[in-house]
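The values are calculated or read from the model by the stated rules, or taken from the named source; none is laboratory data. The structure displayed is predicted, hence computed values, not measured ones. Please note: Cβ atoms are built from the backbone with ideal geometry, for glycine as well, and neighbour counts cover all protein chains shown.
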Amino acid sequence: MNNKGFTMVEVTISLVLLALVILGLGSTTARLTRVAVDAEAKGLALQAVEDRLSMVRLHPIYQQLDSIYSESGAEVPGLPEYTRSTNLVRIIETGATPGKYIDYTRVTVTVNGPGLSAPISRTVEIGLS
């Protein structure tokens, strides 16, 4: 029996095992890349939603919110393939005491674009104090 080298069976088995490991690493890398791309798309969409909500919250004249910020299917600045919709609903209810009213606006911002499995949406309520 010769102990100076590897047999052809040993070399073949080691090459098959090496190929399986490389294929597994390639598959894992592809999945990791896809997850990273999806996370980036969601992050960009969420940032666009939060930016719009901040603009609405900081507007100094409450009564003008609906006329200035309502939009449907508008392009998101800096993200050409993304669209944003801003829906404002002003709600005025009678308060607990006569002559008093509760006045607030429900603001919903939705962003849709490539790489998003579902549109990103957030709702806030802004009211007079």
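Remarks
- Once region 38-59 is narrowed to residues that are touching a residue at least 12 places away in the same chain (Cβ under 8 Å) and over 11 Å from the mean Cα position of the chain (by Cα), the residue that is surrounded by the most Cβ atoms within 10 Å (Cβ to Cβ) is 52.
- Region 81-117 - residue that is within 16 Å of residue 64 (Cβ to Cβ) and in contact with a helix residue (DSSP H, G or I) (Cβ under 7 Å, 6 or more places away or on another chain) and, of those, surrounded by the fewest Cβ atoms within 10 Å (Cβ to Cβ): 90
- Candidate set: region 1-41, residues that are assigned to a helix (DSSP H, G or I) and basic (Lys, Arg); chosen: the one modelled with the highest pLDDT: 31
- Count of region 51-66 residues which are part of a helix (DSSP H, G or I) and out of contact with any Lys or Arg (no Cβ under 7 Å at 6 or more places or on another chain): 10
- Residue within region 42-53 that is under 20 Å from residue 114 (Cβ atoms), among the β-branched types (Val, Ile, Thr) and at pLDDT below 90 present: no
- Residues that are out of contact with any Pro (no Cβ under 9 Å at 6 or more places or on another chain), in contact (Cβ under 8 Å) with a residue 60 or more places away in the chain and more than 24 Å from residue 59 (Cβ to Cβ) within region 81-118 comprise 114, 115, 116, 117, listed in sequence order.
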